[in-house]
Amino acid sequence: MPKTYAVPPTPPHNEGKTPAAWTLSLGVVIGAVIAAVGMIMAAYPVMAIGAGVMLLAVVAGIVMSLAGLGKKRAKAATS
């Protein structure tokens, strides 16, 4: 007898347009611009500041996602 499977529900359609995603993306872009300016100026402290901004953006995006401001995750099916 062939097995039949239920079709999973469709996920919410937000295309990643959440506050957590925007914070992460903009923070990484701003940090990369700062780091690039530091490379042009050959100023290592400015490059480090840019890297720090990128790191803070990643942490902020993860924290915001865990706080419920990111994409809603599908609950794992238990069997």
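The values are calculated or read from the model by the stated rules, or taken from the named source; none is laboratory data. Because the structure is a prediction, the values reported are computed rather than measured. We place every Cβ from the backbone using ideal geometry, glycine too, and count neighbours over all the protein chains shown.
General remarks:
- Criterion: modelled with pLDDT under 95, surrounded by 10 or more Cβ atoms within 10 Å (Cβ to Cβ), of a type in the set (Gly, Ala, Ser) and part of a loop (DSSP other than H, G, I, E, B) - qualifying residue of Gly61, Gly16, Gly68: Gly16
- Residue in region 2-11 that is surrounded by fewer than 13 Cβ atoms within 10 Å (Cβ to Cβ) and at pLDDT 95 or above present: no
- Residues being at pLDDT below 90 and assigned to a helix (DSSP H, G or I) are entirely absent from region 35-46.
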